[in-house]
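First comes the structure, then the notes that go with it.
The values are calculated or read from the model by the stated rules, or taken from the named source; none is laboratory data. Note that the coordinates shown come from a computational prediction; the quantities given were computed from them, not determined experimentally. Cβ placement follows ideal geometry from the backbone for every residue including glycine, while neighbour counts extend to all protein chains displayed. Please note that ligands, DNA and RNA were not included when accessible areas were found on the heavy atoms of the full protein model with its side chains. Shrake-Rupley method; radii C 1.70, N 1.55, O 1.52, S 1.80 Å.
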Amino acid sequence: MTPGPIRAATLFTHRRPEETGPAIARLLELARASDAVLRLDQEETDKHPLAPAPGLELNAPIDTAVDICFALGGDGTILHALRTYAGTGVPVFAVNYGEIGFLATVEREDAEQGFERAFAGDFEVLALPAIEVSGARGRWLAMNDISMHRQPGKRVADLAYAVGDDEIGRVRCDGLVVATPAGSTGYNLANGGPVMAWGVAGIVVSFIAPHSLTARALVVAPTDVLSVHNRSQEEDVDVTIDGRPVCVLAPDEEITARFKEAQGCLAQLPGTSFYSRLREKFGRLASAP
């Protein structure tokens, strides 16, 4: 996918506006110079002390017809942007203001140069898959992962998981995580699950503190449907999507997860690869004091 000229852009930022203020000022300058409009929804407008000005639209409703979305924050902010524009083809150009920022296009110290490259169209667009999650309490889209946790102070979870009509196993554990390739370097990795390179099709299931010597991670094919069933007699299980609580899974309820190809569009600089990201992000953390 080749990026086109930018005429309208959405901006999302994290919860510390004092950190992103200078970058936003520079982004607005570049937008005006390119005859583009920078759009902030009501939440972003309330967050930043900006006055109405040329090239700036405040309290703007989300528009799926924009040309790009800038996300200034950590992976949570970036995931929010990817979910907002899932299935629209709008690329998310992300600047890392968080800890790891595995999904970020550039680091915060390179924000100005990154914005200039974005307006020049000097970036590539990587399509990211998602997980379509459905159950009795709703439907959601996860760009990173869906996790099911036992509730604090309650007994361990009793979860059965199946692919199609075939039940694979039943595990007493603190929880279970289903991740996309992009999300496999998060909670799944902490569980000892495998890292899936971007471009691999499928989802991975891993367990949080399993009370078993045989529970192992499982990679599920992209055409298969995974279901997770709460086998507990009386304990609810909390369900989160990309780290956000969405519902509980009551006893005897189940939730299904399906691989959805090419839902998110992530901007990356030419020459960037999954493996270079992996080396840079996790190698840097390993060598940090």
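Just a few scattered comments:
- Among the residues making up the stretch 137-155, those that are open to solvent by less than 30 Å² (accessible area, probe 1.4 Å) and either of a type in the set (Val, Ile, Thr) or assigned to a strand (DSSP E or B) (or both) are Gly138, Ala142, Asp145, Ile146, Ser147, Met148.
- Residue match in the stretch 72-79 (condition: part of a strand (DSSP E or B), closer than 28 Å to Val219 by Cα and either open to solvent by less than 20 Å² (accessible area, probe 1.4 Å) or polar (S, T, N, Q) (or both)): no
- Any hit, the stretch 49-65, residues being surrounded by fewer than 16 Cβ atoms within 10 Å (Cβ to Cβ) and not in a loop (DSSP other than H, G, I, E, B): yes
- If the condition is being assigned to a helix (DSSP H, G or I) and among the β-branched types (Val, Ile, Thr), then the stretch 9-48 contributes Thr20, Ile24, Thr45.
- Cβ-Cβ distances below 7 Å connect the following pairs, each with a first residue in the stretch 46-70 that is under 18 Å from Ala118 (Cβ atoms) and of a type outside the set (Asp, Glu), a second residue that is outside any loop (DSSP other than H, G, I, E, B) and open to solvent by 60 Å² or more (accessible area, probe 1.4 Å), and a separation of six or more residues or different chains: Gly55/Arg32.
- Among the residues of the stretch 197-209, just one is surrounded by 22 or more Cβ atoms within 10 Å (Cβ to Cβ) and either in a loop (DSSP other than H, G, I, E, B) or hydroxyl-bearing (Ser, Thr, Tyr) (or both), namely Ser206.
- Which numbered condition Glu18 fails, given (1) in contact with a Leu (Cβ under 8 Å, 6 or more places away or on another chain); (2) closer than 19 Å to Gly101 by Cβ: (1)
- Selection count, the stretch 97-133, where residues are more than 23 Å from Asp242 (Cβ to Cβ) and part of a loop (DSSP other than H, G, I, E, B): 4
Each row is one residue, and each column tells you yes or no for (1) under 17 Å from Ala215 (Cα atoms); (2) among the basic types (Lys, Arg).
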position	(1), (2)
Gly138	no, no
Ile146	no, no
Glu167	yes, no
Arg172	yes, yes
Leu176	yes, no
Ala182	no, no
Leu189	yes, no
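- Filter pass, Ala94 being assigned to a helix (DSSP H, G or I), at negative phi and in contact (Cβ under 8 Å) with a residue 60 or more places away in the chain: no
- Subset of the stretch 163-208 [out of contact with any helix residue (DSSP H, G or I) (no Cβ under 9 Å at 6 or more places or on another chain), without any contact (Cβ under 8 Å) to a residue 40 or more places away in the chain and aliphatic (A, V, I, L, M)]: Ala190
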